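Read the structure below first, then the notes.
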Amino acid sequence: MENNLTMQELLDMQEQELSKINVDDEITGRVVKINHDSLVLSLEVGFDGVVPASELNLERGQDIEEAYKIDDEVTGIITNISYKDATIKISVLKLEQRSDLKELIDALEERKVINVHAYKALDRGLYVQYKSYTMFMPISQIDTKFVKDTSEYVGRDLDAYVKEVNPRKNRIIVSHREVAQEVLDAERKERRAKIKAEREAERAKIKAEREALFASLVEGEKRKGKVTNIMPYGAFIDLGGVEGLAHINNLSWTRVESVESVLNVGDEVEVFVQSVDPETKRIALALKDPDQDPWKLIADEVSVGSVVEATVLRIIEKGAFLQVKEGVEAYLPIGELSEGRVNKVEDVVNVGDTVKAAIIKFNADNKRMMLSIRELTREPEEDLSQYMSVGDDTIGNIGDVLKEKHLNRYMVVTTVGFIKRGTLQPFFERLDQSNIAYSIFQDVKPDPEISDVENLKEYYINEGCQGLIAIGGGSVIDCSKAALACVQSSHLNVKKVLETGRVSKPLPLFIAVPTTAGTGSEVTAGAVITDPIRKRKYALSHLFLIPKYAVLDASLLTTLPPKMTAYTGMDALTHAIEAYINHFNNRKTNEYALEAIQSIFQYLIPSFEDGSNITYRLELLEASYKAGVAITNNYIGYVHAIAHGIGGMYHLQHGMINAIILPIVLEEYGDTITKKLAHIADIVGITGHTDQQKAEYFIKKLKEINRTLGIPTSISEIQDSDIHYLAIGAEKEGNPTYPTPVTWDVERFEKVIRKIQQGYSV
């Protein structure tokens, strides 16, 4: 039927078919003819399609005949429709470019890597091919390194990022440099990760080896090591993977001025393991042989009372340090240089002098020795204990003693309260009846100050007094001691005597009548005076300060307020405990201290609750006296060293301060006093399964007693800014003269004072 169609009808049908397609439409045809410059396609629309070779996207140098065969299907984009000759021009290249362009845009937007082929080199870059698109790679984007010759890259396939796509300008820019940089970065990251892993593995290995070495260390054993670092305070020594510190004090049994004088970095040494702390991983080492401890060796040779030859090593304001033998240093106080007054240590001894001296205090375990030159020449002293009067209403017996002395006038030092209450009126009447002349001084502050001492000294001299009777608490008796010491050193002002602590002569007749059971000042060799301007306390100490007579009259204590009973009782307890746990004790000291502790535990709280009971009061008076005898023989300790500074700065009651500090300091002493505290616990009836448990229960009991007596658990008045100053003062007072169980430095004192500030828990 179609064969019967006219030409016009055929043309109309062709036109109708052509109207169904448009330029830019996608169309598929079959190859019916292959020319050298084109392909001819048979199309379903009834027309032929022509694909010029330029629109085929052939590979460079490739012929059409190599790429296509008859009957191959080819798809492209219609670029032109010719109605005149009934042909349709088709571009395979444009179809591919449409798809490729979308890929390039996606690659740009999503930052995808594409692979391009470099085919042409220019001075300013490379022409590269991606599928149907030719693109440009600027020379700056070719590589991470400087590119001198772009031709070296021709023929290479390169990964690249699309940097710009502009079809209108036929401009597409790509970068291989950024891809290469990321590869380098990744490789570097991988290398770093590998190195890190290797290092961590090595560190883990070293750590394991160190831990194994650390675990193998045994205290007391000898090890070989190498000096790795030197500091002013010691040397760090490598034991084969772990380091320990050999403190300067542990380099030799003799005094070491500098670490460099003994060791150098790189030295191979043999050391002794002193201690190993598993928690802090700290190792303490020593070059000195513990078996050659000169203190242990000398303990077999000398004791208290032995006379030794010693060489003066160095001099301080309050004494000198002497070498008894290599590694053994002893302290010689200025008061032990001579019977007479000594203005300067250098007036008697100088560095390099060899002197003979008696050992008056010695403790090898704590490495402390005290010498006395004066002891070699001193006459035996009269036993003062025979003069102690004890009982109820014994103050009147003083008149009998005064009659025997035949002195012209006495000074009675007391308080305004006693005068106003008339408590001492019978005593004064007895003096009048015996025709004993006296003057009364009643202006002593609770914490006697320098001005109180000055006033009493001047009044004593102006009144022509030849003896003194102190009736009061520790403040009255201490002020009297200091004033009499200044009377005997009248060429010096009061402040100078207090600052130097010099007591040059025995005191005039001195009778002490305590009205509190706490200070023990009636039998002690010390006195404490406050400097309100400098906010500190001066502690005088000398056997000359012990009163000639001590009169214990319980009737004078019956009106003592409960609070003062508590404070003074805990003060006496502190004296007794410190005397017992200090190192320079003896049998007499221990007996007196333990008896005092036992009595205070038994009678303090009952006396606090019932102050009118004469029996309780007398027991506490005797306990305070015995505690005073004990500290005269064995000194006070760090409780008092700290308390003096706090009291001077904040004007707090001394006994209260001691009560708060006491359990804290005992805890801080630790194992060094466990056995002694356990023995005290046995004495006062505190039980426990072990010495450690007894010691802990005893300290707990002290806290409970404080609570019963209404004593605070802390001293909140302490300011943070004052702690360092207080620590320096305590360290200066306590070292080296106080024979404490351990020796603390300023840092340790600061730690303890902070605990006192914060308080303890009951």
Mean residue ellipticity (222 nm) of the chain, computed from DSSP H runs ≥ 4 via -39,500 (n - 2.57), nearest 500: -12500 deg cm²/dmol
Label-zone membership for the range 267-298, site residue 238, 7 angstrom Cα→C-beta point, backbone N under 11 Å: 267
Spin-label zone in the range 105-124 - amide nitrogen under 16 Å from a point set 7 Å from the Cα of residue 143 along the C-beta vector: 118-124
Helix axis angle, 691-708 relative to the chain longest principal axis, alpha carbon, degrees: 80 degrees
Total formal charge among the other residues, if their Cβ is under 10 angstrom from that of residue 724, Lys/Arg +1 and Asp/Glu -1: -4
The range 431-509 and the range 245-301: distance between their alpha carbon centers, rounded to Å: 51 Å
Helix 720-734 vs. the chain, principal-axis angle (Cα, 0 to 90°, nearest 10): 50 degrees
Column: log10 I(q)/I(0), Debye, Cα scatterers of the range 142-229, q = 0.11, 0.18 Å⁻¹: -0.61, -0.97
Hull-based mean projected area of the range 294-376, where the convex hull spans the alpha carbons, in square nanometres: 4.8 nm²
Net charge contributed by nearby residues that have their C-beta within less than 13 Å of residue 255 (K/R +1, D/E -1): +1
Residue-count net charge about residue 512 - beta-carbon cut-off 13 Å; Lys, Arg +1, Asp, Glu -1: -1
Contour minus Cα-Cα distance for residue 164 and residue 689 (0.36 nm per residue): 180.2 nm
Distance between the range 92-114 and the range 640-692 - C-alpha centres, whole angstrom: 89 Å
DSSP bridge orientation in the chain - percent antiparallel, rounded to nearest 5: 75 percent
Rotationally averaged projected area of the range 382-557 (alpha carbon convex hull; nm²): 9.4 nm²
Highest average packing first - 481-487, 250-256, 70-76, Cβ atoms within 10 Å: 481-487, 250-256, 70-76
Estimated D of the range 567-659 in µm² per second, where Rh is the Kirkwood radius over Cα pairs and Stokes-Einstein applies at 4 °C, 1.567 mPa s: 98 µm²/s
For Cα Rg over 2.2 N^0.38 Å, calculated from these coordinates, the label among (1) 1.05; (2) 1.11; (3) 1.88: (3)
Crossing angle, helix 450-462 versus the chain [Cα axis fit, 0-90 degrees, rounded to tens]: 20 degrees
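Quick note: the coordinates plus some simple rules give every number you see, no bench work behind them. Just so it is clear, the model here is predicted, and its values are computed rather than measured. Cβ atoms come from the backbone with ideal geometry, glycine included; neighbour counts cover every protein chain shown.
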